[in-house]
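The values are calculated or read from the model by the stated rules, or taken from the named source; none is laboratory data. For clarity, every value in this text was computed on a predicted model and none was experimentally measured. Cβ sites come from the backbone with ideal geometry, for glycine too, and all protein chains shown count toward neighbours. The accessibility values were calculated without ligands, DNA or RNA, using every heavy atom of the protein model including side chains. Shrake-Rupley method; radii C 1.70, N 1.55, O 1.52, S 1.80 Å.
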Amino acid sequence: MESQELSLMPSTDADLLNFSAHARVLLGLTAIAWLVHLINFNGWLSQLFGLRPRNFWGLIGIPLMPFLHSGAKHLTNNTQVFLLLGWFILTQGIHLFYVVTIATALISGIGTWLFSSARLVVGASGVTYGYRGFLLMYGITSGSLIALLLTAIVAVRDYWKITGTHRIPSQILPGENRRMAWDAHLYGFMGGAFIALLLGDMRLSHL
């Protein structure tokens with residue numbers, strides 16, 4: 001009996017260490033975004049480091065755009081999806097999380113820089129929509145019901161946000177272009193789906 005109890009300890013410790021590591025990654029990135037938001041009063045950081053399509057200096061916005069937001073509502077909306085979908089991807093592997101996050105940020109940023117008609121774009125929507133595309137495609141190819149369920153939950157939430165009284169805040173800063181910057185959403189979603197197909201040999205665990 002004593003040997004059995006000892007054999008269970010490494011597994012339990014490993015689970016706790018994984019949980020702690022996942023929490024540090026997810027909450028750490030979230031804390032950085034909120035700290036930047038507190039510093040970014042009047043949008044001065046967004047004006048300097050936001051993504052400006054087809055502008056050489058605007059290239060800096062590709063890696064920095066996910067940490068810049070047009071307001072607290074915009075950041076709150078992205079934070080909710082980031083924590084929900086990001087946590088599930090993290091439970092499948094921290095390296096997978098980094099691959100999906102970085103790849104979708106780059107694909108959505110490059111696509112927006114090349115093709116968007118907006119003058120200045122900020123926000124982590126490219127990444128969060130990348131998570132949507134990734135989990136949808138992964139759920140289909142791997143048969144993960146959890147991935148499909150999470151995608152459906154976020155889709156219903158998005159529909160309510162768009163059609164209800166609480167609309168999704170624009171990624172465009174005041175005084176720039178008042179329309180919704182759908183470009184980052186589209187390219188992020190496509191990037192996430194592409195990454196899922198690219199990693200088709202891997203399979204999400206069924207929780």
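Mind ordering 59-69, 111-121, 139-149, 184-194 by average Cβ neighbours within 10 Å, highest first?
Averaged packing, sorted descending, gives the order 184-194, 59-69, 111-121, 139-149.
Around Gly188, under 14 Å between beta carbons, what's the net of Lys plus Arg minus Asp minus Glu among the other residues?
Its environment carries a net charge of -1.
Using a 1.4 Å probe, how large is the accessible area of Ile39, given in Å² and rounded to the nearest 10?
Roughly 80 Å² of Ile39 is accessible to a 1.4 Å probe.
May I ask for the net charge around Val81, where only other residues with Cβ less than 15 Å from the Cβ of Val81 are counted and Lys, Arg are +1 while Asp, Glu are -1?
Counting the neighbours of Val81, the net charge comes to +3.
Per residue, how much accessible area does segment 12-97 show when a 1.4 Å probe rolls over the protein heavy atoms, in square angstrom?
Accessible area per residue: 52 Å².
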